[in-house]
Amino acid sequence: MPIFYSLVAKGTTVLVEHYEKAGTYKEIARRLLEKLPSTNAKKSYTYESYTFHYQVEDGIVFLCLADAAFGVRLPFFFLHDIHGRFVAKYGTNVDTNVSTQPGKMSQYEAFGRVLQERMVYFSNNASNVDTISKIQSQVAEVKGVMESNIEKMLERGEKIEVLVDKTESLQAQSFDFKRNTTKLKRKMWWQNTKFCIVLSILLLLVLGGVTVGVLYYKGLIHPKI
């Protein structure tokens with residue numbers, strides 16, 4: 001099985017561990033715990049044909065040992081998985097007073113079955129797990145880009161507000177222009193209408209005068225004496 005050893009520790013105190021085959025790697029793992037940082041970190045160390053992988057989150061160490069040929073992506077995806085399961089069950093404020101008395105079970109020992117089950121799952125379903133891990137990595141990358149873009153946008157908040165103010169000002173100016181244009185059109189229409197009325201009256205007067213003149217010329221109208 002590619003992943004054959006894993007543990008959860010708080011500092012140098014091993015809370016729970018599980019292994020599939022005997023070896024000196026348990027002692028080496030404990031020596032490695034003494035060198036690990038207390039801050040969040042991820043790293044791998046090669047040991048003969050195997051590789052130790054560890055992930056520190058909130059002061060809790062999640063460590064596994066796998067065949068070097070198994071790569072890096074899947075072991076770290078395994079550590080991410082057991083980190084989520086452990087925190088969901090016990091939280092991050094763990095008790096380091098772990099019982100070491102023979103026959104007495106510690107409060108974290110039950111999690112050893114979870115380590116075993118997840119080690120088997122990740123070791124026997126490498127192709128499916130790798131596909132899922134790639135998808136989640138892409139989602140995380142997109143999320144990171146979106147958050148970065150949002151942060152940049154927030155940094156430009158002042159410029160965005162100014163742009164909005166200018167846009168509102170332009171909209172107000174546009175409204176005033178339309179209103180003034182409407183008034184001008186109405187004014188021009190009324191002037192044209194008055195001109196047409198006056199012109200019509202003049203034409204009627206001229207037409208009436210011409211008509212009277214023609215009738216007078218033909219004798220149809222006689223002037224009063």
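The values are calculated or read from the model by the stated rules, or taken from the named source; none is laboratory data. Source: prediction; values computed, not measured. Positions of Cβ are backbone-derived with ideal geometry, glycine not excepted, and every protein chain shown enters the neighbour counts. In case anyone asks, the SASA skips ligands and DNA or RNA and just uses the protein heavy atoms, side chains included. Shrake-Rupley method; radii C 1.70, N 1.55, O 1.52, S 1.80 Å.
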**OP:** Whenever you get a sec, compute what percent of the accessible area on segment 1-72 sits on carbon and sulfur atoms (1.4 Å probe).
**Re:** 49 percent
**OP:** Could you check the simple spin-label distance between Val72 and Thr96, using points 7 Å along Cα→Cβ, in nm with one decimal?
**Re:** 3.0 nm
Original post:
In sequence order, what are the phi-derived ³J(HN,Hα) couplings for segment 73-81 according to the Karplus relation 6.51 cos²θ - 1.76 cosθ + 1.60 with θ = phi - 60°, rounded to whole Hz, with x for glycine and proline?
Top reply: 4, 5, x, 6, 5, 4, 4, 4, 5
Original post:
Per residue, what volume in Å³ does the convex hull of the Cα atoms of segment 19-91 enclose?
Top reply: 96 Å³
Original post:
Under 18 Å from a point 7 Å along the Cα-to-Cβ line of Arg85: which residues of segment 20-53 have their amide N that close?
Top reply: 20-21, 53
**OP:** Using a/c under 1.5 as the rounded threshold, could you call segment 1-129 rounded, prolate or oblate? The axes a ≥ b ≥ c are square roots of the C-alpha gyration tensor eigenvalues, and prolate needs a/b larger than b/c, oblate otherwise.
**Re:** rounded
**OP:** Please give the peptides 82-93, 109-120 ranked by average Cβ packing (other Cβ atoms within 10 Å per residue), highest first, as a rough proxy for protection.
**Re:** 109-120, 82-93
Subject >> Amide hydrogen neighbours beyond the local backbone of Tyr47, cut-off 5 Å, H modeled >> reply: Phe52
